Amino acid sequence: MFQDYNFRSSLPAGVKNTPITDRQSSVPARVIDVILDGNHPEFLNYGGPSAMGAIKYRLLTVNNDTSETGTETSDGVAYPLDINIRTVPLKNEVVILTKGPDQNIDDGAPTGRMYYSTVVSIWNNPHHGAYPVKTDSPDVDLGEGIDEEGTLAPLQLLPGDTTIEGRLGQSIRLSGGGQGPWSEGGSRNKPIIILSNGQAETQEGFSPLFENIDEDPTSIYLTSDHTIPLTLSNDKRDSYDSIPDLPSSYRGAQLLFNSNRITINSKLSDVLISSAESVGINGTSINIDSTDYLCLDADKMYLGSKARINEGAAKQPMVLGHRMEQFLIDVLDQMISLASAIGTAKTIKGDALPVVNKEGLTVADVLKQKRNHLNPKGASLLKSKKIFVE
């Protein structure tokens, strides 16, 4: 957000800035410095770990810094007021100060030190609210850690919205009023929560925008009666008889995750996925690895989409290994008996048939060797040691 910081609003004629007095409960102040950790040279001077998030400030109602930069002297130190939710101010932002007790509260010091609460939204943009000290400054010093970006825009608000917006395009929206890009006529007054980390690229950072599930880097949508215009990266559904509605056409309560990569990890116990209808998984490849076993169960299981849609003799079932081997043994035993009989066959006169006898004995030996490969009650050379079917 590159702002023209030369702009200054002037007070009406005859109106002067009022200096701070002890009777004022809250006053605006400019952030001169922020103390975050032990790397700050005054970390220990202001309480060590208890100084985390403290700021050095200068009151806006008193111009007592005549240095070249205008940020070298301060009027004191203020600490975060909220114990749980904090927005760490940036250098040159304006905050609201209030008096409160210090750590000697039991000694009767109800106004022992200053606390800061709100960062004043001067530009109405969550990226920053900093205002340069010098009227001729072309830019503003935000301190270390965050650089000013000119393309980070605020969210477009809807009636009744509650939003939390970070400085770098992160946001949480609790909505349901008005007409957003996820709403249709019947979704008015229906709650929706959107968590978005990052924004689609913009040309400038002043025009408000809505979240864009396709372009925002990472999003989570929790809906109740909405249609989310998500474009799937892979919509192959050849395994289905009736393809489920796409997210862009489904309306109702749904939970959507969208990012460049999604990882679900259970550190101790299980990951369970349960659906009243179907569970669709598709990708360039589907890879499932197990260290113990992989079990798939259904009333009917198909390998390949044609196995599901084929009819009659074209629908090929799998065979059972043990039963097939038992069938082959029965056949081989009959063939071995026949080959052995041929090996000892004679003419009507009782003469041997050398050629026939030799072939019969040879075939019998070969068939016996083949039979030894079969084991209908356990492992064999013909059956997989990894894949089993009912």
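The values are calculated or read from the model by the stated rules, or taken from the named source; none is laboratory data. These numbers were taken from a predicted model, which means no experiment stands behind them. Because the Cβ atoms are built from the backbone with ideal geometry, glycine has one as well, and the counts that use them run over all protein chains shown.
A count restricted to segment 180-189 and to residues that are surrounded by fewer than 18 Cβ atoms within 10 Å (Cβ to Cβ) and either more than 18 Å from Thr163 (Cα to Cα) or of a type in the set (D, E, K, R) (or both) stands at 4. Within segment 189-209, the residues that satisfy the criterion of being over 13 Å from the mean Cα position of the chain (by Cα) and over 20 Å from Ala253 (Cα atoms) are Gln199, Ala200, Glu201, Thr202, Gln203, Glu204, Gly205, Phe206, Ser207, Pro208, Leu209.
Yes/no per residue for (1) charged (D, E, K, R); (2) more than 30 Å from Ser285 (Cα to Cα):
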position: Pro154; (1), (2): no, yes
position: Leu168; (1), (2): no, yes
position: Arg173; (1), (2): yes, yes
position: Arg188; (1), (2): yes, yes
position: Gly205; (1), (2): no, yes
position: Asp238; (1), (2): yes, no
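Quick check on my filter: what residues within segment 324-374 are outside any helix (DSSP H, G or I) and small (Gly, Ala, Ser)? If the condition is that a residue be outside any helix (DSSP H, G or I) and small (Gly, Ala, Ser), then Ala345, Gly350, Ala352 are the ones that fit.
Would you be able to say whether some residue in segment 249-258 is of a type in the set (S, T, N, Q), outside any loop (DSSP other than H, G, I, E, B) and at pLDDT 95 or above?
Just the residues of segment 249-258 that are of a type in the set (S, T, N, Q), to begin with: 249, 254, 258.
Going one step further and asking which of them are outside any loop (DSSP other than H, G, I, E, B), we end up with 258.
Checking which are at pLDDT 95 or above leaves us with 258.
Scanning segment 249-258 turns up at least one residue that is of a type in the set (S, T, N, Q), outside any loop (DSSP other than H, G, I, E, B) and at pLDDT 95 or above.
Which residue out of Gly145, Gly160 is under 24 Å from Lys56 (Cα atoms), in a loop (DSSP other than H, G, I, E, B) and not hydroxyl-bearing (Ser, Thr, Tyr)? Every option except Gly145 fails the conditions.
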